[in-house]
Amino acid sequence: MDTYLIDDDPIALFLTTQVLRLEGADSHLRTFPGAAAALAYLLPRLATEVPALIFLDLNMPELTGWDFLDALAPHAPALAGRCRIYLLTSSLAPADTASAGAYPLVSGIIHKPLDQDEAEAIWANIPGQITGRC
């Protein structure tokens, strides 16, 4: 299953990558150092290549995770059922949870760092229709 990890923090990127690899995402994991790079890769490929999962850091310079979600919003109907986004944050702000509800592709908020139990729970809840390359 294609999985994208978007995070500007190299340490968080490394740690999350290790957890995702333990879940078998190794050969289908693509990492991006920021939202702009991820959008530049993803948007031209929406018709042919959609990741089943995106792990998205909220607090990044230049384009934030919220900016990424706003850029993807016009494509949400086409992505529904094919792509799930999990927000990664070190913030405990209740406003983040409320804001996330405005984005139908967001499946949850994960407080950094992602741990093995959370990754297992996410993988266990992926229905067969969104696994694999879309």
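The values are calculated or read from the model by the stated rules, or taken from the named source; none is laboratory data. Predicted model, so just to flag it, every value in this text is computed and none were measured. Here the Cβ is made from the backbone with ideal geometry for all residues, glycine too, and neighbour counts use every protein chain on show.
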- Quick check, is ALA78 surrounded by fewer than 19 Cβ atoms within 10 Å (Cβ to Cβ), closer than 24 Å to ALA47 by Cβ and hydrophobic (A, V, I, L, M, F, W, C)? yes
- Only residues that are within 28 Å of ALA95 (Cβ to Cβ) and either in a helix (DSSP H, G or I) or aromatic (Phe, Trp, Tyr) (or both): list them for segment 1-29, please. TYR4, PRO10, ILE11, ALA12, LEU13, LEU15, THR16, VAL19, LEU20
- Only unsatisfied item for LEU39, checking (1) at pLDDT 95 or above; (2) surrounded by fewer than 19 Cβ atoms within 10 Å (Cβ to Cβ); (3) touching a Pro at 6+ places or on another chain (Cβ under 7 Å), is (3)
- Run ARG82 past the list (1) of a type outside the set (Val, Ile, Thr); (2) farther than 22 Å from GLY24 by Cβ; (3) assigned to a loop (DSSP other than H, G, I, E, B) and report the number of the one that doesn't hold. (2)
- Query: Going by the structure shown, is PRO74 more than 14 Å from ASP7 (Cβ to Cβ) and either of a type outside the set (S, T, N, Q) or assigned to a loop (DSSP other than H, G, I, E, B) (or both)?
  - Reply: yes
- Considering segment 56-71, residues that are within 14 Å of LEU5 (Cβ to Cβ) and not acidic (Asp, Glu), and then whichever is surrounded by the fewest Cβ atoms within 10 Å (Cβ to Cβ), we arrive at MET60
- A careful count of residues in segment 30-71 that are in a loop (DSSP other than H, G, I, E, B) and within 14 Å of the chain's Cα centre (by Cα) gives 9
- Task: For segment 86-99, indicate whether the set of residues that are in a helix (DSSP H, G or I), surrounded by 13 or more Cβ atoms within 10 Å (Cβ to Cβ) and under 15 Å from the mean Cα position of the chain (by Cα) is non-empty.
- Result: no
- Condition broken by LEU46, with the remaining ones in (1) buried (at least 16 other Cβ atoms within 10 Å of the Cβ); (2) of a type outside the set (D, E, K, R); (3) under 24 Å from PRO74 (Cα atoms); (4) touching a helix residue (DSSP H, G or I) at 6+ places or on another chain (Cβ under 7 Å) satisfied: (1)
